[in-house]
Amino acid sequence: MGLTVFACLIGFFIISQIGYMDALTRVPVCGAMQLFLLGRPGRIDAVLDTMAAVGFAGMGLVAAMGLTSLVEKSWRLRDLILGIANTVIASLMICQWLVAWAFFHPETWQARAIMAIAPEAPVVYMDDLLSGWDRYADSPNWAQIAPKTYFNDTIGIYAREEVARTCFQADFIRANLKNIYSRGNLPNGTPIAALPDHALEKAERVFVFYDREGRYLSYDTYWDDESYPEMQKRNAERDEEGRQVDASEVWGQVMKSLFSEPEGELGPEEDVRPYTREEINAMVKATWDRDAPLPEE
């Protein structure tokens, strides 16, 4: 019986970890993460609450088998080892649920107690990494007209960096950090209270495109709509206005303008024409004559 419980707990633990990672990768916004992981209030219908239920059931079976063995005086060393192993696995399943619950309820005393005994996760950095490579600033075809705002007169498109997706609020993350690091400082000595809001929220920014009249067109990751509900909303509002915009065409125009030389940069058309066969043969002969080894005397 102990071996059967062990095999079942191991199987559930592996399946739950796969489901846990799948839930994290499929959650479109941070606000939906709690529902995906802990389920609806009063129900067991998500990954971690189901895992915790299995963990409690496993603990109950281990306790029942242990009491039976003591009463019947039939316990063996193998049963004791399996009982300890089953208890550890079931405890891990319950602890993962407890830590997740504490994360989503950082202001409670239970969360502070749980996080006080949970292992401290290392903080690698806490820098402002909100913006990626600004390719518009590096392109000669785009003129900067305001901070993080550019205009290309040839295609008539404005590109402005805006927040496209936010995660947890700064106060929420700050409260969790204080629960994890009870002294009030990160491992590198930085006071948690001094961390700026934008460094904690980690909002994701994208460049949003507008036409000459300042009307919304699209944004530079339009192909990943499911990850940006707010941008989906803007797309729907644009379509309701009767403006049918081909996002892929806008993207193509922008990309072409980013990676092409400004008009006239390459000189007159005759300077960039293809070489003739005679010119190519002459260049090859000149190179060969220059690189050929000198004849031995």
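Accessible area per residue for the stretch 161-226, computed on protein heavy atoms with a 1.4 Å probe, is 52 Å². Quick one: dipole size for the stretch 143-259, taken about the Cα centre, charges +1 on Lys/Arg Cβ and -1 on Asp/Glu Cβ, in debye to the nearest 20. Around 660 debye, computed over the stretch 143-259.
Within the accessible area of the stretch 143-259, the carbon and sulfur atoms contribute 48%, probe 1.4 Å, all protein chains present. To the nearest 10, the accessible area of I15 is 120 Å² with a 1.4 Å probe. Charge dipole of the stretch 1-116 (Cα centre as origin; +1 on each Lys and Arg Cβ, -1 on each Asp and Glu Cβ, all else neutral): 120 debye, rounded to the nearest 20.
Using R0 = 51 Å, the C-beta based FRET efficiency linking L80 and D22 works out to 0.90.
Most tightly packed first, judged by the mean number of other beta-carbon atoms within 10 Å of their residues, the peptides 169-181, 242-254 read 169-181, 242-254. Considering only A164, T154, W223, whose Cα is most displaced toward the positive end of the charge dipole of the stretch 143-259, charges sitting on Cβ of Lys, Arg (+1) and Asp, Glu (-1)? Going by the Cα projections, it comes out as A164.
Within the accessible surface of the stretch 1-116, defined with a 1.4 Å probe on protein heavy atoms only, the carbon and sulfur portion equals 73 percent. At an R0 of 41 angstrom, the distance between the Cβ atoms of E204 and Q244 translates into a FRET efficiency of 0.90.
Remark: spin-label model distance L258-V88 equals 5.0 nm, labels positioned 7 Å along the Cα→Cβ axis.
Using a cut-off of 27 Å between Cα atoms, the listed pairs K178/K202; K202/K256; K148/K233; K148/K256 include K202/K256 as exceeding that distance.
Ranking S74, S218 from most to least accessible surface, computed with a 1.4 Å probe over the protein chains only, gives S74, S218.
The values are calculated or read from the model by the stated rules, or taken from the named source; none is laboratory data. Remember, predicted model here, so these are calculated numbers, not experimental data. Backbone-built Cβ (ideal geometry, glycine too); neighbour counts: all protein chains shown. In case anyone asks, the SASA skips ligands and DNA or RNA and just uses the protein heavy atoms, side chains included. Shrake-Rupley method; radii C 1.70, N 1.55, O 1.52, S 1.80 Å.
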